[in-house]
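See below for the structure under consideration.
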Amino acid sequence: MIELKHLRTLQALQNTGSLAAAAAQLHQTQSALSHQFSDLEQRLGFRLFVRKSQPLRFTPQGEIMLQLAEQILPQIQQALQACHEPHQTTLRIAIECHSCIQWLTPALNNFRQSWPQVVVDFKSGVTFDPQPALQQGELDVVLTSDILPRSGLFYTPMFDYEVRLVLAPDHPLAKLEHISPEDLADEVLMIYPVQRQRLDIWRHFLQPAGVSPALKNVDNTLLLIQMVSAQMGIAALPHWVVESFEKQGLVVTKTLGDGLWSRLYAAVRDGEQRQPVLEAFVRFARQHACDHLPFVRDAARPGSLQSIS
């Protein structure tokens, strides 16, 4: 019977003191506003204010309705504001890239400063397959270099990064300016315990050349780098993994061929990619990586978003 517009009009009448001024404030004609009140008063069965009173004077019933407006309208405004503000939520993240956590942690710190109401939880592990968990609703976003076709997932490019050969400083290959696949034929390649077809160095560097070095699984990054430093093998990793160790002189890195580049994506369920929290996380993570990581370039170009369902 009584609507929000009526309550707002009552407040305008009180604030302005006249029907004409209230009509101007509400961007209506005085005639339209007068007709609105006449119709409302007829339905309510009582007068709301005294016509032609100067200043405008409310009836006792009008005073009651005015009090209602003063109670209800602020609550409506607060509710609408709350609907547009993010509530506390949990952002469940998984990373397929075992070494991503080294740059992701400071990126998350920046994200949390702007989104303190969001609780960040992430899961990783060499035996954990996160993309099926994302499909099933157990996760919210997965950082991955692998795109699953017809998966119902949306892949936003984060950045491109160079996969570099990691060697002990006194390794014979450290003297070479150009590393070819054949140079690695007799080496022991230290890898994380994943299928070799998921390794960029295998798919895009060794396999096309028909080169198959010995592979050794190591599930710990620090141990892997220590073994490389001790000349127990070589590795192919993003530079951010070994940057601090290279500065200490424990390892050196080399470009593989003309440069072996891979792309990191943020995968979410298709249809959820425009959620503000997910967009903010992707933006903060990408910005931090592109600003601070060596051998990284921004993959967010016009038309670069990929939706593969």
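The values are calculated or read from the model by the stated rules, or taken from the named source; none is laboratory data. Note that the coordinates shown come from a computational prediction; the quantities given were computed from them, not determined experimentally. Here the Cβ positions follow ideal geometry from the backbone for every residue, glycine too, while neighbour counts run over all protein chains shown. Each accessible area value is taken on the protein alone, full model and side chains, heavy atoms only, with ligands, DNA and RNA left out. Shrake-Rupley method; radii C 1.70, N 1.55, O 1.52, S 1.80 Å.
Taking the residues in segment 42-101 that are among the basic types (Lys, Arg) and at pLDDT 85 or above as candidates, determine which candidate is surrounded by the most Cβ atoms within 10 Å (Cβ to Cβ). Restricting to residues being among the basic types (Lys, Arg) and at pLDDT 85 or above, the top hit is ARG92.
Against the definition (assigned by the TED database to the domain that holds ALA79, outside any helix (DSSP H, G or I), free of Cβ contacts under 8 Å to residues at least 12 places away in the same chain and more than 45 Å from the chain's Cα centre (by Cα)), how does SER31 come out, yes or no? Against the criterion (assigned by the TED database to the domain that holds ALA79, outside any helix (DSSP H, G or I), free of Cβ contacts under 8 Å to residues at least 12 places away in the same chain and more than 45 Å from the chain's Cα centre (by Cα)), SER31 does not qualify. Does GLN11 fit the bill of being in contact (Cβ under 8 Å) with a residue 60 or more places away in the chain and either open to solvent by less than 30 Å² (accessible area, probe 1.4 Å) or in contact with a helix residue (DSSP H, G or I) (Cβ under 8 Å, 6 or more places away or on another chain) (or both)? Yes; evaluated as a whole, the condition is true for this residue.
Of GLU246, GLU182, all but one fail to be surrounded by fewer than 16 Cβ atoms within 10 Å (Cβ to Cβ) and not assigned by the TED database to the domain that holds PRO149; the exception is GLU182. Residues that are outside any loop (DSSP other than H, G, I, E, B) and surrounded by fewer than 18 Cβ atoms within 10 Å (Cβ to Cβ) within segment 15-27 comprise ASN15, THR16, ALA20, ALA21, ALA24, GLN25, listed in sequence order. So which of GLN231, GLN226 is assigned by the TED database to the domain that holds PRO208, of a type in the set (S, T, N, Q) and outside any helix (DSSP H, G or I)? Sole residue among the options that is assigned by the TED database to the domain that holds PRO208, of a type in the set (S, T, N, Q) and outside any helix (DSSP H, G or I): GLN231. Report whether or not ALA235 is of a type in the set (A, V, I, L, M), in contact with a strand residue (DSSP E or B) (Cβ under 7 Å, 6 or more places away or on another chain) and within 20 Å of GLU187 (Cα to Cα). Yes, satisfied.
Among strands (runs of 3 or more DSSP E) entirely within segment 135-214, having at least 1 residues that are in contact with a Ser or Thr (Cβ under 7 Å, 6 or more places away or on another chain) and within 21 Å of PRO294 (Cα to Cα) singles out 153-167. The combined condition, being open to solvent by less than 20 Å² (accessible area, probe 1.4 Å) and modelled with pLDDT under 95, is not fulfilled by ALA235.
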